[in-house]
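Novice: I'd like to ask you about the structure that follows.
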Amino acid sequence: MSAPSPRIGLTGWSVLIARVMLMLALLLFCLPFYYLWRLLGLRRFWPRMFLSGIGRIAGMRLTIKGTPRRNALYLSNHVSWLDIPAIATASGSAFVAHDGLAANPILRSLCRMNDTVFVARHRRSSVSGQAEAIRFALDDVGAITLFPEGTTGDGESLLPFKSALLSAIEPLPEGIAVQPVLLLYRQARRIAWLGEESGLDNFKRIVGSLRPVHVTAWFLEPLSGEALHNRKTMAAVAWTAIVARLQEA
């Protein structure tokens, strides 16, 4: 049984339509430059510009704390689709996403423009190919984000990290940092994509509201020493660091 669609009044629909039109206009503006930059072999720029613009249009007000490391795998909590514009704006990161998103041709095209790596979570035979794709993205982009909870949470607590999702980066490539990231929303319950709410309904609920979305992207200290021993230690230590900062906030 699916969750009921969000109730959006006349003002909300007006805001939603206007913002979606702005997002489409931004896409049409960025696309030619994206392909031109690729053709000329210039440094990756337009995906970050596009996602930053999407966040601003949706009402995102971002604060960045800490220093996003380069050549890094970010391990972040996951609250909403807005996490992607937030982290991309702060760091220019690409993302690891489950392969179910690739079933939608529009989402697949947009994700691939940002060098998204699609992973098949239940096919162990594909791990080596996924590892190669992640390493290629790290070389090309300089940072890639994984959401180890495997789903979205309420933003006020942290679900257990699934160390199996880190299989594709074990052993850790030489010279790659592993950096925990906390996304802290001022009104997390209003933003969180929970239960049976569809992604489209969550999108409409956020974009159709005039209230700004205040979020802090907190880049914590990278893991070091024994924390990098294997995927289980990476997941456990990153989880502990994020929980500690969340409790302090």
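Novice: Condition check: within 30 Å of Ala227 (Cα to Cα), assigned to a helix (DSSP H, G or I) and at pLDDT 95 or above. Does Pro68 satisfy that? Walk me through how you get there before you give the answer.
Specialist: Working: within 30 Å of Ala227 (Cα to Cα): yes; assigned to a helix (DSSP H, G or I): no; at pLDDT 95 or above: yes.
No, not satisfied.
Novice: Of everything in the stretch 237-249 that's open to solvent by less than 50 Å² (accessible area, probe 1.4 Å) and in contact (Cβ under 8 Å) with a residue 40 or more places away in the chain, which residue is farthest from Thr63 (Cα to Cα)?
Specialist: Applying the first criterion (open to solvent by less than 50 Å² (accessible area, probe 1.4 Å)) to the stretch 237-249 yields 238, 241-244, 246.
Now drop any that are not in contact (Cβ under 8 Å) with a residue 40 or more places away in the chain, which leaves 238, 241-243, 246.
Numbers: Ala238: 21, Ala241: 19, Ile242: 17, Val243: 19, Leu246: 15 Å.
The selected residue is Ala238.
Novice: Being more than 20 Å from Gly55 (Cα to Cα), at pLDDT below 95 and crowded, with 18+ Cβ neighbours inside 10 Å narrows it down to one residue among Leu158, Leu165; which is it?
Specialist: Details: Leu158 fails: at pLDDT below 95.
Of Leu158, Leu165, the one residue that is more than 20 Å from Gly55 (Cα to Cα), at pLDDT below 95 and crowded, with 18+ Cβ neighbours inside 10 Å is Leu165.
Table: residues versus (1) touching a strand residue (DSSP E or B) at 6+ places or on another chain (Cβ under 9 Å); (2) open to solvent by 70 Å² or more (accessible area, probe 1.4 Å); (3) aromatic (Phe, Trp, Tyr); (4) farther than 26 Å from Asp201 by Cα.
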site: Met23; (1), (2), (3), (4): no, no, no, no
site: Leu42; (1), (2), (3), (4): no, yes, no, yes
site: Phe50; (1), (2), (3), (4): no, no, yes, no
site: Gly53; (1), (2), (3), (4): no, no, no, no
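Novice: Shifting gears a bit: Just checking, how many residues over the stretch 93-114 are more than 21 Å from Leu28 (Cβ to Cβ) and modelled with pLDDT under 90?
Specialist: Of the stretch 93-114, the ones more than 21 Å from Leu28 (Cβ to Cβ) are 93-103.
Then keep just the ones that are modelled with pLDDT under 90; that gives 96-103.
The qualifying residues number 8.
Novice: From the list Trp81, Trp37, which residue is outside any helix (DSSP H, G or I) and open to solvent by less than 80 Å² (accessible area, probe 1.4 Å)? Spell out how you get there, then give the answer.
Specialist: Values: Trp37 fails: outside any helix (DSSP H, G or I).
The unique qualifying residue is Trp81.
Novice: Could I ask something else about it? Name the residues in the stretch 162-198 that are within 19 Å of Ile64 (Cα to Cα) and among the aromatic types (Phe, Trp, Tyr), would you?
Specialist: Scanning the stretch 162-198 gives a single hit, Tyr185.
Novice: Working only within the stretch 55-77, note down all residues that are open to solvent by less than 30 Å² (accessible area, probe 1.4 Å) and touching a residue at least 60 places away in the same chain (Cβ under 8 Å).
Specialist: Kept after step one, since they are open to solvent by less than 30 Å² (accessible area, probe 1.4 Å), are these residues of the stretch 55-77: 55, 58-60, 72-77.
Once the filter is applied, which keeps residues that are open to solvent by less than 30 Å² (accessible area, probe 1.4 Å) and touching a residue at least 60 places away in the same chain (Cβ under 8 Å), the stretch 55-77 yields Ala58, Gly59, Met60, Ala72, Leu73, Tyr74, Leu75, Ser76, Asn77.
Novice: Then there is this: Name the residues in the stretch 140-153 that are of a type outside the set (A, V, I, L, M), surrounded by 16 or more Cβ atoms within 10 Å (Cβ to Cβ) and at negative phi, would you?
Specialist: Listed by number, the residues that qualify are Thr145, Phe147, Pro148, Glu149, Thr152, Gly153.
Novice: Here's another thing I want to ask about it. Given the residues Ala86, Ala90, which is the only one that is part of a helix (DSSP H, G or I), open to solvent by less than 70 Å² (accessible area, probe 1.4 Å), touching a Pro at 6+ places or on another chain (Cβ under 8 Å) and modelled with pLDDT of 95 or more?
Specialist: Values: Ala86 fails: touching a Pro at 6+ places or on another chain (Cβ under 8 Å).
Of Ala86, Ala90, the one residue that is part of a helix (DSSP H, G or I), open to solvent by less than 70 Å² (accessible area, probe 1.4 Å), touching a Pro at 6+ places or on another chain (Cβ under 8 Å) and modelled with pLDDT of 95 or more is Ala90.
The values are calculated or read from the model by the stated rules, or taken from the named source; none is laboratory data. Every value quoted in this text rests on a predicted model; they were computed, and no experiment measured them. Quick reminder, even Gly has a Cβ in these numbers, built from the backbone with ideal geometry, and neighbours come from all protein chains shown. In case anyone asks, the SASA skips ligands and DNA or RNA and just uses the protein heavy atoms, side chains included. Shrake-Rupley method; radii C 1.70, N 1.55, O 1.52, S 1.80 Å.
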